[in-house]
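*Asks:* There's a structure below that I have some questions on.
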Amino acid sequence: MSKVHVSTIINDDTVEFLCESEQTLLDVLRDDLRLTGSKEGCASGDCGACSVIMDGRLVCACLLLAAEAEGSTIETIEGMANGSDLHPLQQQFLDHAALQCGVCTPGFLIAAKALLDRNPDPTETEVRYWLAGNLCRCTGYDKIVRAVLDTAAETRN
Amino acid sequence: MQYEAPTTVDQAVALLKNSGNASKVLAGGTDLLVQLRSGMIEPELIVDIKKIPEVRSILKEDGKFRVGAVVTGAELGEHGDLKAAWPGVVEAAELIGSTQIQGRASLGGNLCNASPAADAVPALVAAGAICMIAGPNGRRELPVGAICTGPGQTSLSPGEFVVSFLFPIPKPRSGDAYLRFIPRTEMDIAVVGVGIHITLDAENVCVDARVAVGAVAPTVLLVEESAAALVGTMVDDASIDKMIAAVRDSCDPIDDKRGTVVYRTQVAGVLAGRVCRIALQRTRRHE
Amino acid sequence: MAIVTKRVSDEREAEEQNFNWVGTRAVRPDGVDKVTGRAKFGADLHLPNMLVGKMLRSPHAHARILSIDISSAEKLPGVKAIVTREDFSDLASEFVPAGEMMVNYRDITRNVMAREKVLYEGHALAAVAAVNAIVAREALALIQVDYEVLPHVLDVVEAMKPEAVLIQEDLLTDGADPPADKPSNIAKRVEFGHGDIETGFAKADVIVEREFNTRPVHQGYIEPHACVASVSEDGQAELWCSTQGHYVVRGHCARILGMDVAKLRVTASEIGGGFGGKTVVYLEPVALALSRKACQPVKMVMTREEVFKASGPASGANMRVKIGATRDGRITAGEAILHYQAGAFQGSPVPPGAQCAFAPYDLEHVRAVGFDVLVNRPKVAAYRAPGAPISEYAVESVVDEVAKKLNIDPIEFRLKNASREGTKASHGPKFGPIGLVETLEAAQAHDHYQSPLQPGQGRGVASGYWFNIGGQSSVTLNTSEDGTVALVVGTPDIGGSRASLGMMVAEELGVELDKVRPMIGDTSSLGYNFLTGGSRTTFATGKVAVDAARDLVSQLRERAAKIWDVPVGDILWHNGEALQKNGRGGPTETLSFRDLAESMGKTGGPLVGQASENVQGAAPSFGTHVVDVDVDRETGRVEILRYTVVQDAGKAIHPSYVEGQYQGGAVQGIGWALNEEYIYDSEGRLENAGFLDYRMPVCSDVPMIDTVIVEVPNPAHPYGVKGVGETPIVPPLAAISNAVANALGIRFSELPMSPPRVLAAIAAASSSK
């Protein structure tokens, strides 16, 4: 079977790749493009560690065929900081100690960014439900939620 | 495996027709990708229908909403008019999975995956939504409740797929609602789901009711006896209790990792009561 | 969030005023890599010419392997190596420590690759290395295995019956009295305690005895097991893996594969959670065996399903607890009989479970008996305070019931009976300066405990205990020529230990924190290091790091003495500078760390601080949790409304990460209490081997977790550190069960308290009324 040619924009760069039709977007990001910041925790859309933003929507890269990404614009964790300036969420996660092992962190940051891009003033409940698709087993979520709420407050001011 | 992304309904039908049973329609992919990954299915052809404009849009036809089969849960939730007209359908669609899943999952996929526990289906059945189906022999319409025939099984013929859903114009004093029970607050498959649509007359007498229950039988049940318990009443506590009893009588669930027969039957009734009261409240929402 | 400090002496108090780093909330040194996606975890390494390895696993819970035919799979183009039991030599029975639990080499080698039988669904029995994952999966499908399927046993009580199918045909119970003369599934019997419980129960006015059942739960780390192995033609090997202890992995792999230990260099990747579950080997010896055969690097990554089916859960258990007390609230005797599932190989954490069961109480008469029982489930692995959460759940549930019967406030009741410094613990030792009473008092005084409940809500309290351990660590401080320092440690950083270790070293050296770069060295770069486990890293590696820093400071003082030509005894080290005691300056008034580093080539050569120790003096940590719940009486769902963790840290080096341990442990405990469990079908196959149906708590399931850090210092650590990582998971199970009992008036003796169980109990209670 011949490979599928896919053109995308990933983190503001035009990226073309060839993929097998079976490959997920996550497979291509990690194994072929070596963007290993997106993690595979379950391959079934239940942990959110592979969260990316595609055409403005938060999605699990493990639940997309790479071929489906044709023509789309994708944001991954590798594109979140602006040069040496961390995104305010990244800085708040550091300041709040909102990570322990850190493997879920890229997914949480991308998911939180998608939230704040849409809703700059979320309540704690809105943050918790928005992030319910991202599993963290280390932190008990407390410091993550605080980091997101404080980023929102800081950005609004 | 081959991947195709046709841009018209006719192209999609042609691809599906030529490949027979060896193909799968790809909508949002949130169930299909999991099945592919686990080796549960091994199709030769994947037909991605998301590049077809007709299946991606929400339109109004003669005052009726026509919702494309692959419109995502997130898009439904952002559509103020649709939400105002069919809040139960939209809240059901929005309960499918996480925020990430909401970015992909669709009514069409949720229906045609044919899980007895699909969240959108009881609400769609209660709403009386009609599916527009395209296939080798042209187009046909079927009520949503006629699509699923058993777990993972549909009445669609080879080459057919669901293009869109047509919703009736909501009557002035009508309301719909959907609730499901899950052990956590998010991320679980429904242990039980109940969708109810009721219509009152000017004297607050129920003139029409549709009660649909998910995850308590091989397919979503439309419980006529429950509807009968409400029609002609003021939807008071006594009639709601009768409606609940009829829901429980209709349940024929299984024991599995997600719930027991006893539990599902009991909670189906509990949810039916809660959903009915929300739907009743919504009959007054335009006043 | 609050910190309550009990100071041991005025001297320490004075010292604490001057800390620059210890006790602050500095940004962790590995943080930027982790928020930018740069950090490399187990599956993130790609080597040139790398193959993909996949495992064939048993579909049966118990079966004899009659034959394994790999001939067709070997012929598949792209297949580079296949290994089975033929590629692993048998090892004799020998127990070695792994974390706080013991493992046996005869068993490990059979667990990584089945030999005579498969003993659980998911048991590995062949592995393939191929050019890509698609070919590897095709090859697995071509391997033919003939099984003789045997009856299986999953339940611990069933497994103990004389007629039960034997999982290991020659297993005689260790510690049985009289000695066992017939094989059984009971691997071991242990007993701890003192006094005479019958005498104690005779003095009681109230006795409560209950039986408890719990299910296995998984550690649930988000990163699946992953490794990359590369063995060269001459037998020198490299292994990259996600582990809590790369030295331990090195030892196990070398033994299993018959290699010289020094020929294997293991590098610990960033680790995406472990909680005890990454203290053992699964993929690593297999990947090495495949690489040795293929002479190419091999990467293996478990799927989530494999993680659930084939890596260590925590034991499920059947337990009986009996407690007697006098009318005025003094416990007269306590007894616990514990039956723990070990999985398919012996080694459940029932010994620590039995030791911890009554640790919070000062008892005259106490007895805890434990049985380690084989069942056809995956071999259990350590999970955060292994064994303690369930035994203490049973004891703390009965304690709550006794207090209720006596109409005494549950915290008051615990205070009347609490272990204190000098108490003889039920498992033998006399406690040193412990902080249980302080946690109880802080919980009692907390706004949470004082606040009123709404109708229908319930509040629960429980305390918990874990020993914590010390052990072997090696630390090196390599001084750069500009006065910056590489801090190299050999204990993987699982939750921020590079931050706490760097802070202690910066404190000792008197330098800015960003002048110290902490990193995890590979197994060839340092002396031996035991693993990150037993809540030991900040305590034990921390003490060794402080000693390494002190070693470096003494060298710096010597160099300064040399430069100034004065006796070293005249040199002080203060705030990162050498000073002369008498105030007389040499050529300069002071010599900074940077000055001394720049001149090190002229003053004696490289400046390297080193320490290697087997650290003793680990101090236990006690905690007390308070939780409020509401219960939906119609669906049985329990909602956690408010949660407060109070725990003794000894000293919180980095309070944020201490709080993080408290919060994370509490939420894991909430999952254990409410929804998490292994569900098997009648064939012994796991039905919920995925995050969807295993149901760990998600963000919307829990409230903020309030914390109070109590500080009763550990005299064996330079800053007073006690380990904090494990104790937080001990109290939640009973605290939540007690809260549900308080809300509903129904005592639960089974976990998880999932909605169907709760609703059934409500129905049973109302029908019995």
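*Asks:* With open to solvent by 10 Å² or more (accessible area, probe 1.4 Å), more than 19 Å from B:G259 (Cα to Cα) and modelled with pLDDT of 95 or more as the only criterion, which of C:P718, C:P732, C:P728, C:P756 stands out?
*Replies:* Testing whether each residue is open to solvent by 10 Å² or more (accessible area, probe 1.4 Å), more than 19 Å from B:G259 (Cα to Cα) and modelled with pLDDT of 95 or more leaves just C:P718.
*Asks:* Select from the range B:97-112 the residues that are out of contact with any strand residue (DSSP E or B) (no Cβ under 9 Å at 6 or more places or on another chain) and not in a helix (DSSP H, G or I) and list them in ascending order.
*Replies:* B:G97
*Asks:* A follow-up question, please. For the range A:76-91, give me the residue count where each residue is in contact (Cβ under 8 Å) with a residue 60 or more places away in the chain and open to solvent by less than 10 Å² (accessible area, probe 1.4 Å).
*Replies:* 2
*Asks:* Among the residues of the range B:210-223, is any within 14 Å of another protein chain (Cβ to nearest Cβ) and either more than 27 Å from B:I49 (Cα to Cα) or buried (at least 22 other Cβ atoms within 10 Å of the Cβ) (or both)?
*Replies:* Yes - at least one qualifying residue is present in the range B:210-223.
*Asks:* To continue, here is another question. Please name all residue pairs, on different chains or six or more residues apart, with Cβ atoms under 6 Å, provided the first residue is in the range C:419-435 and is polar (S, T, N, Q) and the second residue is open to solvent by 30 Å² or more (accessible area, probe 1.4 Å) and in a loop (DSSP other than H, G, I, E, B).
*Replies:* C:S419/C:D362; C:T423/C:D362
*Asks:* Assess whether C:D630 counts as being open to solvent by 20 Å² or more (accessible area, probe 1.4 Å) and without any contact (Cβ under 8 Å) to a residue 12 or more places away in the chain.
*Replies:* no
*Asks:* Take C:V645 and decide whether it is at the interface with chain A (Cβ under 10 Å from one of its Cβ atoms), in a strand (DSSP E or B), open to solvent by less than 10 Å² (accessible area, probe 1.4 Å) and not aromatic (F, W, Y).
*Replies:* Yes, satisfied.
*Asks:* Being more than 25 Å from the chain's Cα centre (by Cα), open to solvent by 30 Å² or more (accessible area, probe 1.4 Å), free of Cβ contacts under 8 Å to residues at least 12 places away in the same chain and in the same structural domain as C:L744 (by TED's automatic domain parsing) is true for just one of C:Q450, C:Q444. Which residue is that?
*Replies:* Values: C:Q444 fails: free of Cβ contacts under 8 Å to residues at least 12 places away in the same chain.
Only one candidate qualifies: C:Q450.
*Asks:* Something else now. Scan (1) of a type outside the set (D, E); (2) open to solvent by 10 Å² or more (accessible area, probe 1.4 Å); (3) not assigned by TED's automatic domain parsing to the domain that holds A:T14 for the single condition A:L131 breaks and write down its number.
*Replies:* All conditions pass for A:L131, except number (2).
*Asks:* If we only count strands (runs of 3 or more DSSP E) wholly inside the range C:172-233, which ones have 1 or more residues that are of a type in the set (V, I, T) and within 14 Å of chain A (Cβ to nearest Cβ)?
*Replies:* C:226-231
*Asks:* Residues of the range C:697-706 being at the interface with chain A (Cβ under 7 Å from one of its Cβ atoms) and in a loop (DSSP other than H, G, I, E, B), which ones?
*Replies:* Step one: list which residues in the range C:697-706 are at the interface with chain A (Cβ under 7 Å from one of its Cβ atoms), which gives C:698-700, C:702, C:704-705.
Passing the criteria: C:V698, C:V702, C:M704.
Condition check ((1) buried (at least 20 other Cβ atoms within 10 Å of the Cβ); (2) away from chain C (no Cβ under 11 Å); (3) over 19 Å from A:A112 (Cβ atoms)) across all residues:
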| residue | (1), (2), (3) |
| --- | --- |
| A:S7 | no, yes, yes |
| A:I10 | yes, yes, yes |
| A:C19 | yes, yes, yes |
| A:G41 | yes, no, no |
| A:I74 | yes, yes, no |
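*Asks:* Could you look through the range A:28-39, keep only residues that are of a type in the set (A, V, I, L, M, F, W, C) and open to solvent by less than 20 Å² (accessible area, probe 1.4 Å), and pick out the one that is farthest from the other protein chains (Cβ to nearest Cβ)?
*Replies:* Checked the range A:28-39; the qualifying residue farthest from the other protein chains (Cβ to nearest Cβ) is A:V28.
*Asks:* How many of the residues making up the range C:684-696 are within 21 Å of the chain's Cα centre (by Cα), part of a loop (DSSP other than H, G, I, E, B) and either more than 7 Å from every other protein chain (Cβ to nearest Cβ) or in contact (Cβ under 8 Å) with a residue 40 or more places away in the chain (or both)?
*Replies:* Residues in the range C:684-696 being within 21 Å of the chain's Cα centre (by Cα), part of a loop (DSSP other than H, G, I, E, B) and either more than 7 Å from every other protein chain (Cβ to nearest Cβ) or in contact (Cβ under 8 Å) with a residue 40 or more places away in the chain (or both): 1 in total.
*Asks:* I'm trying to understand the selection: among the residues of the range C:172-217, which are open to solvent by less than 60 Å² (accessible area, probe 1.4 Å), of a type in the set (A, V, I, L, M) and modelled with pLDDT of 95 or more?
*Replies:* Selection gives C:I186, C:A187, C:V190, C:I197, C:A204, C:V206, C:V208, C:V217.
*Asks:* Are there any pairs, at least 6 apart or on different chains, whose C-beta atoms fall under 8 Å, with the first in the range B:48-61 and within 14 Å of another protein chain (Cβ to nearest Cβ) and the second open to solvent by 40 Å² or more (accessible area, probe 1.4 Å) and assigned to a helix (DSSP H, G or I), and if so, which?
*Replies:* B:K50/B:R56
*Asks:* Then there's this: Against the condition out of contact with any Lys or Arg (no Cβ under 7 Å at 6 or more places or on another chain) and either free of Cβ contacts under 8 Å to residues at least 40 places away in the same chain or basic (K, R) (or both), how does C:R517 come out, does it pass?
*Replies:* In short, yes.
Residue-by-condition table, conditions (1) open to solvent by 20 Å² or more (accessible area, probe 1.4 Å); (2) of a type in the set (A, V, I, L, M, F, W, C); (3) away from every other protein chain (no Cβ under 14 Å):
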residue	(1), (2), (3)
C:V248	no, yes, yes
C:A254	no, yes, yes
C:K263	yes, no, yes
C:S269	no, no, no
C:F275	yes, yes, no
C:T279	no, no, yes
C:L283	no, yes, yes
C:V286	no, yes, yes
C:R292	yes, no, yes
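*Asks:* When the residues of the range B:25-65 are narrowed to those that are assigned to a strand (DSSP E or B) and buried (at least 20 other Cβ atoms within 10 Å of the Cβ), which ends up nearest to the chain's Cα centre (by Cα)?
*Replies:* B:F65
*Asks:* I need the full set of residues from the range A:92-125 which are facing another protein chain (nearest Cβ under 9 Å), without any contact (Cβ under 8 Å) to a residue 40 or more places away in the chain and not hydrophobic (A, V, I, L, M, F, W, C), in order please.
*Replies:* Answer for the range A:92-125, where residues must be facing another protein chain (nearest Cβ under 9 Å), without any contact (Cβ under 8 Å) to a residue 40 or more places away in the chain and not hydrophobic (A, V, I, L, M, F, W, C): A:Q100, A:G102, A:T105, A:E124, A:T125.
*Asks:* Hey, another quick one. Residues that are open to solvent by less than 40 Å² (accessible area, probe 1.4 Å) and either under 18 Å from B:V25 (Cα atoms) or without any contact (Cβ under 8 Å) to a residue 40 or more places away in the chain (or both): list the strands (runs of 3 or more DSSP E) wholly contained in the range B:119-181 that include at least 1 such residues.
*Replies:* Of the strands (runs of 3 or more DSSP E) lying wholly inside the range B:119-181, those with at least 1 residues that are open to solvent by less than 40 Å² (accessible area, probe 1.4 Å) and either under 18 Å from B:V25 (Cα atoms) or without any contact (Cβ under 8 Å) to a residue 40 or more places away in the chain (or both) span B:130-135, B:138-143, B:148-150, B:161-166.
*Asks:* Being buried (at least 20 other Cβ atoms within 10 Å of the Cβ) and facing another protein chain (nearest Cβ under 9 Å) is true for just one of A:L64, A:L25. Which residue is that? So that I can check it myself, show each step before the final result.
*Replies:* Working: A:L25 fails: facing another protein chain (nearest Cβ under 9 Å).
When all the criteria are applied, what remains is A:L64.
The values are calculated or read from the model by the stated rules, or taken from the named source; none is laboratory data. Values in this document were obtained by computation on a predicted structure and should not be read as measured data. All Cβ positions, glycine included, derive from the backbone under ideal geometry; neighbour counts span all protein chains shown. The area values use the complete protein model at the heavy-atom level, side chains included, leaving out ligands, DNA and RNA. Shrake-Rupley method; radii C 1.70, N 1.55, O 1.52, S 1.80 Å.
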